[in-house]
Amino acid sequence: MLTLNGKADLLSMNIPELEEFLITLGEPKYRAKQIFAWMHRGVGIDGMTDISKKLREKLHETAVVDLPTIEEKLVSKLDGTVKYLFGLHDGNVIESVFMRYKHGNTICISSEVGCPMGCKFCASTIGGLVRKLRPAELLGQVIAAEHDIGERISNIVMMGIGEPLDNYDNTLKFLSLVGDPAGLNIGSRHISLSTCGLVDKIDELAKCDLQITLSISLHAADDETRSSIMPINNKWKISELLDACRRYFAVTGRRISFEYTLIAGKNDSPEYARRLAHTLKQGLYRGSKPFPIHVNLIPVNEVEESGFSRSSNDAVKRFSDTLNSLGVNATVRRKLGGDINASCGQLRRAKLKAAQEKIAEN
Ligand code: SAH
């Protein structure tokens, strides 16, 4: 059984697992669906009004509904983007960002506390990995934000703190929980997963044929540059990563997104754009029929520790125009929540010290 501090971790459970747990309490199976529906609407044990007081007491003794607490909430005056700093049961904090797009409300969630991947431009990885998030903690971010905002969230991007494919089993469990029609009912077609490129896990994910949009954090067009900013490239070269992308498309038929962070003077010249177009075409298509891809250009968010600076607007436009002129579909990511530091990892960094003191006290 899934547990948290010796109690049943109800929010990490699917309906069959909840049924099994309820049987151990001598309760009928049908209660599982009721409890599942309540939890996924952000309601804890006390609010489950259609189950008896006696059962609620029993649940308090034996189980937890592990929803995060809102430690801090910043609302953008520019576009209504909401950034949450969520508190976890052990005093750790993670970030999630709620965004309003024309195609629906979207939440960007974290997958780990910290990150082990070591990308040089990224704030989330500076202190390394603290721990992976459990299914309840992945799901809890969506539930808590939806409950707080009072509007349905229809899309999820796993682009917050951490590497979702480094937390593979819990991520897969989360995907099945969040897609359950008895709960939030957000299907794979409405979920994007961003990865720095764990090739073995991309292949495993492809086998699940889930219709998730895969976003690859590429950030460079050649191995030397990529290895200098992303340590994962020492394990799998760009060609191996693009091979895995081709296999993912072959199984799922889903367009693949590539994220490319523009760093002034490092990877943002038109020459680099030409190199990127060449690398993508060579690596992905290998002379066979092209399939749809998209490049997201992100001017780097400056992180004090990295020393990298943002490309000029001119350089960004030139880069984007060059890619498009070479037949590579590229857009510059619209920056939401510019006034609330909405890029992930930065608020947590600022709060980390306080949170660590809290953990030390406990
Ligand atoms: N670990 C996953 C998801 C988390 S990061 C991944 O690597 O994809 C989400 C995206 O933000 C990634 O493309 C990441 O490379 C990018 N990113 C991280 N720090 C950034 C920064 N300072 N400026 C711009 N993009 C950044």
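The values are calculated or read from the model by the stated rules, or taken from the named source; none is laboratory data. Note that the coordinates shown come from a computational prediction; the quantities given were computed from them, not determined experimentally. No Cβ is skipped: glycine too gets one built from the backbone with ideal geometry, and neighbour counts run over all protein chains shown. Protein only, heavy atoms only, side chains kept; ligands, DNA and RNA dropped before computing areas. Shrake-Rupley method; radii C 1.70, N 1.55, O 1.52, S 1.80 Å.
Can you report the number of residues in segment 152-162 which are within 14 Å of the ligand (Cβ to nearest atom) and either basic (Lys, Arg) or open to solvent by less than 10 Å² (accessible area, probe 1.4 Å) (or both)? Counting residues in segment 152-162 that are within 14 Å of the ligand (Cβ to nearest atom) and either basic (Lys, Arg) or open to solvent by less than 10 Å² (accessible area, probe 1.4 Å) (or both) gives 3.
Going through segment 132-149 one residue at a time, which ones are within 15 Å of the ligand (Cβ to nearest atom) and over 12 Å from the mean Cα position of the chain (by Cα)?
Listed by number, the list holds a single entry, LYS132.
Residues satisfying the criterion are present in segment 168-177 (criterion: over 19 Å from PHE36 (Cα atoms) and either within 15 Å of the ligand (Cβ to nearest atom) or surrounded by fewer than 17 Cβ atoms within 10 Å (Cβ to Cβ) (or both)). If only residues of segment 191-220 that are within 12 Å of the ligand (Cβ to nearest atom) and of a type in the set (S, T, N, Q) are counted, the one that is farthest from LEU139 (Cα to Cα) is SER217.
The residue that is farthest from ALA221 (Cα to Cα), among those in segment 252-297 that are out of contact with any strand residue (DSSP E or B) (no Cβ under 8 Å at 6 or more places or on another chain) and among the charged types (D, E, K, R), is LYS289. The residue that is least open to solvent (accessible area, probe 1.4 Å), among those in segment 116-147 that are within 18 Å of ILE232 (Cβ to Cβ) and in contact with an Asp or Glu (Cβ under 8 Å, 6 or more places away or on another chain), is ALA123. Candidates are the residues of segment 92-131 that are among the small types (Gly, Ala, Ser) and modelled with pLDDT under 95; the one that is nearest to GLY307 (Cα to Cα) is ALA123. The set of residues from segment 233-283 being in a helix (DSSP H, G or I), under 22 Å from ILE191 (Cβ atoms) and either among the hydrophobic types (A, V, I, L, M, F, W, C) or within 15 Å of the ligand (Cβ to nearest atom) (or both) comprises LEU241, ALA244, CYS245, TYR248, PHE249, ALA250, VAL251. Within the set THR261, THR195, the sole residue that is without any contact (Cβ under 8 Å) to a residue 40 or more places away in the chain and under 21 Å from the mean Cα position of the chain (by Cα) turns out to be THR195.
Without any contact (Cβ under 8 Å) to a residue 60 or more places away in the chain, more than 13 Å from the ligand (Cβ to nearest atom) and either β-branched (Val, Ile, Thr) or more than 29 Å from TRP38 (Cα to Cα) (or both) - does that describe any residue in segment 114-131? Scanning segment 114-131, I find at least one residue that is without any contact (Cβ under 8 Å) to a residue 60 or more places away in the chain, more than 13 Å from the ligand (Cβ to nearest atom) and either β-branched (Val, Ile, Thr) or more than 29 Å from TRP38 (Cα to Cα) (or both), so the answer is yes. Strands (runs of 3 or more DSSP E) fully within segment 101-172 that include at least 1 residues being touching a Lys or Arg at 6+ places or on another chain (Cβ under 8 Å): 104-108, 112-114. Note on segment 11-67: among residues that are part of a helix (DSSP H, G or I) and basic (Lys, Arg), the one that is surrounded by the most Cβ atoms within 10 Å (Cβ to Cβ) is ARG31. Can you confirm whether segment 259-279 contains a residue that is polar (S, T, N, Q), under 26 Å from CYS108 (Cβ atoms), open to solvent by less than 50 Å² (accessible area, probe 1.4 Å) and assigned by TED's automatic domain parsing to the domain that holds ILE191? Within segment 259-279 (the criterion being polar (S, T, N, Q), under 26 Å from CYS108 (Cβ atoms), open to solvent by less than 50 Å² (accessible area, probe 1.4 Å) and assigned by TED's automatic domain parsing to the domain that holds ILE191), the answer is yes, since at least one residue qualifies.
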